[in-house]
1. Quick check on my filter: what residues within segment 109-130 are touching a residue at least 24 places away in the same chain (Cβ under 8 Å), within 20 Å of residue 224 (Cα to Cα) and in a helix (DSSP H, G or I)?
2. Which of the residues that make up segment 183-219 are surrounded by fewer than 18 Cβ atoms within 10 Å (Cβ to Cβ) and closer than 25 Å to residue 400 by Cβ?
3. Does segment 152-170 include one or more residues that are crowded, with 19+ Cβ neighbours inside 10 Å and either free of Cβ contacts under 8 Å to residues at least 12 places away in the same chain or under 24 Å from residue 207 (Cβ atoms) (or both)?
4. Can you tell me which residues in segment 325-349 are outside any loop (DSSP other than H, G, I, E, B), out of contact with any helix residue (DSSP H, G or I) (no Cβ under 7 Å at 6 or more places or on another chain) and in contact (Cβ under 8 Å) with a residue 40 or more places away in the chain?
5. Does segment 424-440 contain at least one residue that is out of contact with any strand residue (DSSP E or B) (no Cβ under 9 Å at 6 or more places or on another chain) and part of a loop (DSSP other than H, G, I, E, B)?
6. Do you know which of the residues in segment 220-232 that are in contact with a helix residue (DSSP H, G or I) (Cβ under 6 Å, 6 or more places away or on another chain) and surrounded by 18 or more Cβ atoms within 10 Å (Cβ to Cβ) is nearest to residue 177 (Cα to Cα)?
7. Out of 361, 404, 356, which single residue is out of contact with any helix residue (DSSP H, G or I) (no Cβ under 8 Å at 6 or more places or on another chain), in a loop (DSSP other than H, G, I, E, B) and at pLDDT below 95?
8. Report yes if residue 262 is without any contact (Cβ under 8 Å) to a residue 60 or more places away in the chain, surrounded by 17 or more Cβ atoms within 10 Å (Cβ to Cβ), in the same structural domain as residue 192 (by TED's automatic domain parsing) and more than 17 Å from the chain's Cα centre (by Cα), otherwise no.
């Protein structure tokens, strides 16, 4: 506890909290801003896969300290050269002792060969080893490993801090950061701390859904193995945590089903109603436009767009040839290049906006907002943003999980390509239905799903649980 009587809280976050931003980034921003109001917060920010994310000033100035990866020179490092014999010895060592160095050599081989069609000796050995070892040892999931390089850039400073200073609370912001948290948990400054795990999603369910929608057997097997590894990771986190924060009752119930003694609180996802305000219609709205906003470095989002473009959009355009589709968000351009390479005509009638500094103008153009997710977890902030911006929504059941929307009152729910296309066309053609849905949805969001309300709930939980 500090001189001011406030508890000292160490936060480990794998993606940079920021607003505006992606769904997880916005949620982290709101939760950590509230944490700073209750505790003396120190942040260990892994900074995303590249380590380049910086904690914004609005949070930084309310923290005791922020540790982030040092931005490195962009000049490429010299390639490491090894002989053929050394390379084979390294490969064999990783396959025989996959737990060495936190499993990093083995995980690198999984990334290189896990979904490869290579039929060479090395690839075959790796695939055999993966099938043998993954049910036996607790490797970090590949999704977590993607952040390992950034974590190693703050690991020594994090260990030094957790060795010399003592913290009352250790907050792990997102279960995907748990493998890195485990490298700190037994250190003197943290070993007696109470632990908060802000889960954001149930990640093993996301992997299971990716497995269920996978077309190729190799992809299905890969996601099945990842689901099992992710489940083991999540169970370790939930069992160790003194408080688990989930963003929906569905996720909270799933947590308690696996760990009956877990202390779980639901802090839903929300929207900043003052920021996401309707934009007056412009000439761009004369041509009917279907909109989807997301981060396109996240596989469920790219799979959703692929499904929409391949299965749904052609059906819509048969009835309304003039309609267009816009997807906007981080890495949209890179994703568009991948789509262009996949098939001629896939991007007909399609446009994209990549990494926009402000996503609101895209909402201002949309006549209908779609959420064609086939897999995912938690609850989608983007639906709440669309509702706050007065854009009517069509979503799959998976896309609308986590929030008690009513079909036909707040949005239209549709599963399957034909039903989804019919719902989109219905909204495009019926102005009265669009107006009714947007009015009711906006009222629904305003009553209970504004971040100001949700952060107040979190503040009460933290004060009750940790400030007695």
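The values are calculated or read from the model by the stated rules, or taken from the named source; none is laboratory data. Please read all numbers here as calculations on a predicted model, not as lab measurements. Using ideal geometry, Cβ is built from the backbone for each residue, glycine included, and neighbour counts are taken over all protein chains shown.
1. Result: 110, 111, 125, 126, 129, 130.
2. Those that are surrounded by fewer than 18 Cβ atoms within 10 Å (Cβ to Cβ) and closer than 25 Å to residue 400 by Cβ: 212, 213, 214, 215.
3. no
4. Answer for segment 325-349, where residues must be outside any loop (DSSP other than H, G, I, E, B), out of contact with any helix residue (DSSP H, G or I) (no Cβ under 7 Å at 6 or more places or on another chain) and in contact (Cβ under 8 Å) with a residue 40 or more places away in the chain: just 329.
5. yes
6. Looking only at segment 220-232, we keep the residues that are in contact with a helix residue (DSSP H, G or I) (Cβ under 6 Å, 6 or more places away or on another chain), and these are 220, 223-224, 226-227, 230-231.
From what is left, the residues that are surrounded by 18 or more Cβ atoms within 10 Å (Cβ to Cβ) are 223, 226-227, 230-231.
On the way: 223: 19, 226: 16, 227: 16, 230: 12, 231: 14 Å.
Across segment 220-232, the extreme among qualifying residues is 230.
7. Working: 361 fails: in a loop (DSSP other than H, G, I, E, B); 356 fails: out of contact with any helix residue (DSSP H, G or I) (no Cβ under 8 Å at 6 or more places or on another chain).
Matching residue, one of 361, 404, 356: 404.
8. Numbers: without any contact (Cβ under 8 Å) to a residue 60 or more places away in the chain: yes; surrounded by 17 or more Cβ atoms within 10 Å (Cβ to Cβ): yes; in the same structural domain as residue 192 (by TED's automatic domain parsing): yes; more than 17 Å from the chain's Cα centre (by Cα): yes.
Judged against the criteria, residue 262 is a match.
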